[in-house]
Amino acid sequence: MAANVCPGEGGEPGAGRMDARWVAWARGVSAVLAVLSVSLTVAGTAIQLSVPKEWAPWPPTAPDHGAGLTFPLIGAFLIAYRPRLKLAWLMCVGGLACAVNVMTTGLQLMQASAGDLESAGWLRILAVAGWTVGGCTLGILMPLLSPDDRLPSRRWLPVAIAGVAATVIDGVRNIVRPTPPASTYRWPEVIPNPLAIEALAPYHTALVRSLALLINACVVLAVLSLLVRLRHAASAARRQIAWPLIAFVIYTLFLLLGGDYWLPVTIWTGLIPVAIAFAVLRYRLYGIDTVISRTVIATGLIVAVGAVYFGTGALAALLVSGYDQVAGLTAALVAGAFFQPLRTRLRRLTDVMLYGKHGRPEELARRLAREVAETEPVNALAAVTAVVHDGLGVTGVVVEVGTAGMRVELGVAGPDPRVVPLVWHGEPVGRMLIGPPGPRRFSVAYTERLIGVATLYVADVAHAVLMVADLQRSRERILSAREEERRRLRRDLHDGLGQALTNMSMSLNMARLRLREAPSSADRMLRDLRSSMEAVSQEVHELVYGLRPPSLDDLGLLGAVRALAAEPGPPVQVEAEGETRDLPAAVEVAAYRIAQEALTNVRKHADATWATVTLARSEHALVVRVRDDGKGLPGHRRSGVGFASMRERAAELSGTCLITQALATGTDAGPGTQVEAMLPLSGNRPAGHGCSVLSTPTAAGP
């Protein structure tokens, strides 16, 4: 079996809290092991390449070269984040053993080629020791312990023991091997073995074949343990195990094919820890995916942009020779043009490798858009919360919607969740509480991108929920107002008008009976009846006026407002801009009532000498503006019934009502007050509504 057996994948230990000194010691030791291993591998390879051709090793490289270069580096990197990770320590120790094998093999051949065969014999024993340790750790133990630092079950313990024992026995056999025949020896002279047991010569060949078969069987069984894990694991764990499984299957295949595949097996051995790192990061076992993602992006940018720069520079130099500055500028411009698109593509590529399609921002946006499009707002809030909870991979998500009193909670957000405000077109509509990362966690930068995508959709749904709640409250107010008005009308008709008509009917019967016997008494009763009829007529008039001012039907809006202006008080000028006829009935009543309430405030509270009422109609709205030159808005006041009435009438039509200070127009004039109500016509409703008081409140209203 050529050189060393190759490594496996890491898993997550139960680290817990560790002493700071232990952490620093572990990181320092792993870093020293990584530097030492790489140095020994590079130096040993250089020595092997420098020996005479007849002493050169065959094959030129072996799995030990790849293992000595990459495994300790990846192991030290993982130990920096998880100092108690046994698999990472196995990577460091096994990689160092492979590096020792490479170095001592090179020194052995160098000494042998120089004629110092005795020293070469002792160096050979060190090389065999390195091979043995590397084979036990990387070839047997790592596949069995991947990815969670534990055996698949206790039934696999005999496989681990048998594999380690067979490798150690084979190493001991190699250390005490008898002197081989010169005719079958690979190099020009036989390197003597200072610890040789010549009595093993008759059995040596059979022993080599038996141990090689047993070691290869244990390697295959170690790989099969990953298949067993894959079969009994959940879906997420299966994807996790697939990475080391594929790596070890391909390596074992190359290994069993023999020495003719020395180059592929060497290269693949160096790639195995990279595959393990991707598996670790893809399923968030160690929380170091941010570092790896940025490292991959930076490396890709350096390589790609460098290739583009030098390639463009070389091409430009050939085409425009003698213009070095033009060639350099062209190369810089082309490399700069490739930088941002390449960075975006590399980031997406690393995101897919680390997180798969499930956590991609595009996939999360697609799922959220589907839920928003297919579900009504109230139920969509719960559906969107579920998608966000699953997409972010956190322990819990809570969405609180503004003043609607709605709260959707999924999972446990914890005592100190992250608060993300929900803003819809600049208007706060609620907040989203995000719990800590769960087992399927993402990097911080990646989580920020996912939150940025999710917030937009959640804010849209929260705004829709608020609109639905406002609509429901508006319907309830309309229903309540309608029923209250019906009750008032019923009471007025039954207790007032109905009672009066009943009394009149009784009076008519009594007058008819007395008409023949006492005409004078009947005449008096008829006169009283006439007075009652006038009172009833006045009451009917008041009822009708309460439903809709009669002056609107008789005079139109402009004439009705002029009739209001003619009432006692300071002079009021009425102006009209545009046609005020053929307005919707609701707009006419609201405009009339707002003008009436504003003029009442002017006469009772403003101390004004004049006022102006303007009715301006546009294509989309009617604007009612009432302005006076009175004492203006006081510093402190409580909103009265009058302002509440104007606010409600504007809000019912989804209009606006602004009450502001008016500019003084004379030396003796006060600051004045201006009431401006914008009432949308049918089908033209602005986003805002209600009544706003700018600067300070209006004059003390009724």
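The values are calculated or read from the model by the stated rules, or taken from the named source; none is laboratory data. The shown structure was predicted, so the numbers you read here are calculated from the model rather than taken from an experiment. For neighbour counting, all protein chains shown are included, and Cβ atoms are generated from backbone atoms with ideal geometry for every residue, glycine included. Just the protein is used for accessible areas: all its heavy atoms, side chains included, with ligands, DNA and RNA removed. Shrake-Rupley method; radii C 1.70, N 1.55, O 1.52, S 1.80 Å.
To the nearest 0.05, how large is the calculated FRET efficiency for HIS232 and ALA373 if R₀ is 45 Å and r is the Cβ-Cβ distance?
Details: r = 40 Å, r/R0 = 0.88.
For HIS232 and ALA373, the calculated efficiency is 0.70.
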How would you rank 148-157, 201-210, highest first, on the average number of other Cβ atoms within 10 Å across their residues? 148-157, 201-210
Taking region 361-440 and dividing mean pair separation by its residue count, relative contact order in percent (alpha carbons under 8 Å, at least six apart): 27
Would you please give the FRET efficiency between LEU508 and HIS620, computed as 1/(1 + (r/R0)^6) with r the Cβ-Cβ distance and R0 = 51 Å, to the nearest 0.05? 0.35
If each of SER480 and GLU648 carries a label point 7 Å out from its Cα toward its Cβ, how far apart are those two points in nm? 0.9
Using the Cα centre of region 165-254 as the reference point, and only Cβ charges (+1 on K/R, -1 on D/E), how large is the resulting charge dipole? Debye, rounded to the nearest 20. 540
In nanometres, the difference between 0.36 nm per residue of separation and the alpha-carbon distance of ARG155 and GLU118 is 8.8 nm
Work out the FRET efficiency for LYS631 and SER521 from their Cβ-Cβ distance, taking R0 = 45 Å, and round it to the nearest 0.05. 0.15
Net lengthening on full extension, VAL168/ALA46 (0.36 nm per residue, minus Cα-Cα): 41.1 nm
Expressed as a percent, the accessible surface of region 114-236 that is carbon or sulfur, using a 1.4 Å probe and the full set of protein chains, is 67
Determine one quarter of the surface area of the Cα convex hull of region 32-177, which equals its mean projected area, and express it in nm² to one decimal. 9.1
How large is the accessible surface per residue of region 25-167, computed with a 1.4 Å probe and reported in Å² as a whole number? 39
What length, rounded to one decimal in nm, is gained on full extension from ARG581 through to ARG487, with 0.36 nm per residue of separation minus their alpha-carbon distance? 30.6 nm
Which order, highest average first, do 418-427, 136-145, 382-391, 160-169 follow once you tally other Cβ atoms within 10 Å for each residue and take the mean per peptide? 136-145, 382-391, 160-169, 418-427
Over region 535-614, what is the relative contact order in percent, taking alpha-carbon pairs closer than 8 angstrom and at least six residues apart? 35
